[in-house]
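Only one structure is covered here, and it is reproduced in the block below.
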Amino acid sequence: MSRLHPPVPALALGPPTGADPNRSHLAERFALLAEANGLALGQIDPRVLDLALAAVAEAERRLEVQSQRIAYLESLSVTDELTQVRNRRGFQGELERALAEAGRTKKCGVVLLIDLDGFKAINDTHGHAAGDFVLQTVARWLDGHVRPGDTVARMGGDEFAVLMRQTGSDNAASRAAELDRQLNRLTARWGGRQLKIRGSVGLAAYSPGDDADTVVARADQTMYEKKRARGPRALKLVN
């Protein structure tokens, strides 16, 4: 005759005082799993349940940490380390998504390319730390003067880009002219001196069927046309 086991006390699914608030949720999931397998909770030793819940909680914590780490590493691949705006790769991806959206919705937009004038002279005269500070100043300023859905990027060196989604060419030209005007009034205070910031802005509209490289090339061309039109003044360092 087999020996009878003493009855196992009923399990309390709510978390005890000071316990992990997720315990109740995990216990309910455990109960559903047990029920699906034809096992009553009353047949499970509470110590086994506690160990199972602790293992599940730790696994979920590790997955969350890993997910956050992956998201962080992915953000590094599309973010400019110095300025914390998008880098060229990140901008390329955003533009390709905007072009795909334009193909679906027929809503167009524009790309601005901004090249800082006289930037080499700032590095040569005041040092690379001053140049880095100017780049950070421009990036922060641009990021604060575009719409929430627009994208600011540092394409490399002293060149920036702005993607304006769902914007008509007339409105975009007006906004670009205003950005140009305000940008060329910016200053960056460095070492007790005010470094005046100057830049040339080019604009290219995109439409359904355009590709990213072509749009950027058009914006690049208009930017350099503006820089050439300004002549030697565009290359002069102004302290």
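All of the numbers you see were taken from the coordinates with simple rules; none came from a lab. Keep in mind that what you see is a predicted model, and the values were worked out from it rather than measured. Because the Cβ atoms are built from the backbone with ideal geometry, glycine has one as well, and the counts that use them run over all protein chains shown.
Listing Ile197, Ile114 from the residue with the fewest other Cβ atoms within 10 Å to the one with the most, what is the order? Kindly include the intermediate steps, with their values, before the conclusion.
Numbers: Ile197 22, Ile114 25.
Ranked by crowding around the Cβ, least crowded first: Ile197, Ile114.
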Provide Rg and Dmax in Å for segment 94-239, with only Cα atoms included in the calculation. 15.7, 52
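Given the pairs Lys106/Lys227; Lys120/Lys226; Lys107/Lys227; Lys120/Lys227, which are separated by over 25 angstrom at their Cα positions?
From Lys106/Lys227; Lys120/Lys226; Lys107/Lys227; Lys120/Lys227, over 25 Å: Lys106/Lys227; Lys107/Lys227.
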Using DSSP to define loop residues, name the trypsin sites (Lys or Arg not before Pro) in segment 143-239 whose beta-carbon has at most 10 other beta-carbon atoms within 10 Å. Arg185
Extension length gain for Gln182 and Asp124 (0.36 nm per residue less Cα distance), in nm, is 18.4 nm
